[in-house]
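The values are calculated or read from the model by the stated rules, or taken from the named source; none is laboratory data. Computed from a predicted model, the values in this text were never measured in an experiment. As a convention, Cβ positions derive from the backbone with ideal geometry for all residues, glycine included, and neighbour counts pool all protein chains shown. All accessible areas refer to the heavy atoms of the entire protein, side chains included, with ligands and DNA or RNA removed. Shrake-Rupley method; radii C 1.70, N 1.55, O 1.52, S 1.80 Å.
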Amino acid sequence: LLGARPPVEGDVDKALKGCAKTGLALDACPALLDVLSVPRYAAHDYVARAAGLRNASQESASPLYLYGGAKDDGCTTPAHSLYAVLRGTASATGAFGTAKLDDDIRSMLFVPGNDDKLAFTVSKGAAVRFCIVDASNVHAVRRLAKESPDVPFPHEKSLAISELLTALDDPEFDFVMARSYSEMPWSEFATWPRPAPEEKPVHQQTKRQRKNFGSWQSEQRWNWRVVSATIPELPPPEIIHAGRERCELRLSSSYERRKHDDRPFGFEVQFEQTTAPDTSLGEVAAWGPGDEKGTQRFDAASSRSAKHETVFANHKSYIVDVKDTLPARGYVFRAR
């Protein structure tokens, strides 16, 4: 439960009169967009960013309108749900327990996308619901898109999730998430790229605006956490050759660096013995200087690479040579 006031700028009562009441179903309300400020908790949503980059309709990212008596069980899993009460009161139950919302200082509720017990009810008045995809759940969204490409996402009135996956897999898609955002009008939220904030000269900045080395370090750590959280997950590695004390794997990845990005990237492969040595081969055949488990890292630039269409089509494949395994044993390999 977020201690915040309703995210509105303007005459919300007049705007609500323009919202259609066609039953208790969820409906978008274009009249609200002129007075609604997008809460900072939803400002980094990737669904809106994808639509803005492709000049597509923002209907998938539009907040959905709920009025008195409406009940809702959240956005399509794994999208996060953010509720904001504009007028009146509401209540909610879920894995978090219970929550009471109003249109004063307890107007917003954030619910993680994995809460399958959510039940939100507008007691009286009106509320809106935002669906959010960001670095915290983008991997789960990708998995859903591959398993069920025709599912409407992030809510029932959206386009198929496969269209969102196309945008997320674009090398030019910007996954940047600032450490903090401010509320913003809908027109700014629905545009990407957004105009860069105007920075004052250093001598005109307040102490709070100036960045010291500590805050710069914190921002860098945050930015790299976002990068590591949004790199596409790898499919299971494929064994293409097994030797006595080594194993050659094919790793498939759709990740491509953006233009002018010269930062190195690579893979981490973990291996672990799962079966004991085959005693029928004798002690000498099963002996070796290798390890039962370990971790090895490979630079993508120094690994053999090629397009490989038969496994995970359109992924680029990389051949890596995992060494120091023990002979006559079974191993499991994990890659990231």
Filter the stretch 26-69 down to the residues that are surrounded by fewer than 17 Cβ atoms within 10 Å (Cβ to Cβ) and of a type in the set (Lys, Arg), then identify the one that is modelled with the highest pLDDT. Arg40
Which of the residues spanning the stretch 90-112 are surrounded by fewer than 18 Cβ atoms within 10 Å (Cβ to Cβ), among the β-branched types (Val, Ile, Thr) and free of Cβ contacts under 8 Å to residues at least 40 places away in the same chain? Thr93, Thr98
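Can you name every residue in the stretch 209-262 that is of a type in the set (A, V, I, L, M) and part of a helix (DSSP H, G or I)?
Listed by number, the residues that qualify are Val226, Val227, Ala229.
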Residue match in the stretch 224-239 (condition: exposed (fewer than 15 other Cβ atoms within 10 Å of the Cβ) and farther than 28 Å from Ser136 by Cα): yes
Which one is surrounded by the most Cβ atoms within 10 Å (Cβ to Cβ), of the residues in the stretch 240-271 that are more than 19 Å from Lys316 (Cβ to Cβ) and of a type in the set (Gly, Ala, Ser)? Ala242
Among the candidates Pro149, Pro154, single out the residue that is surrounded by fewer than 21 Cβ atoms within 10 Å (Cβ to Cβ), in a loop (DSSP other than H, G, I, E, B), at negative phi and in contact with a Ser or Thr (Cβ under 6 Å, 6 or more places away or on another chain). Pro149
Across the stretch 113-138, what is the total count of residues that are surrounded by fewer than 18 Cβ atoms within 10 Å (Cβ to Cβ), under 21 Å from Val226 (Cα atoms) and of a type in the set (S, T, N, Q)? 2
Could you figure out which of (1) free of Cβ contacts under 8 Å to residues at least 40 places away in the same chain; (2) open to solvent by less than 30 Å² (accessible area, probe 1.4 Å); (3) outside any strand (DSSP E or B) isn't true of Gly288? (1)
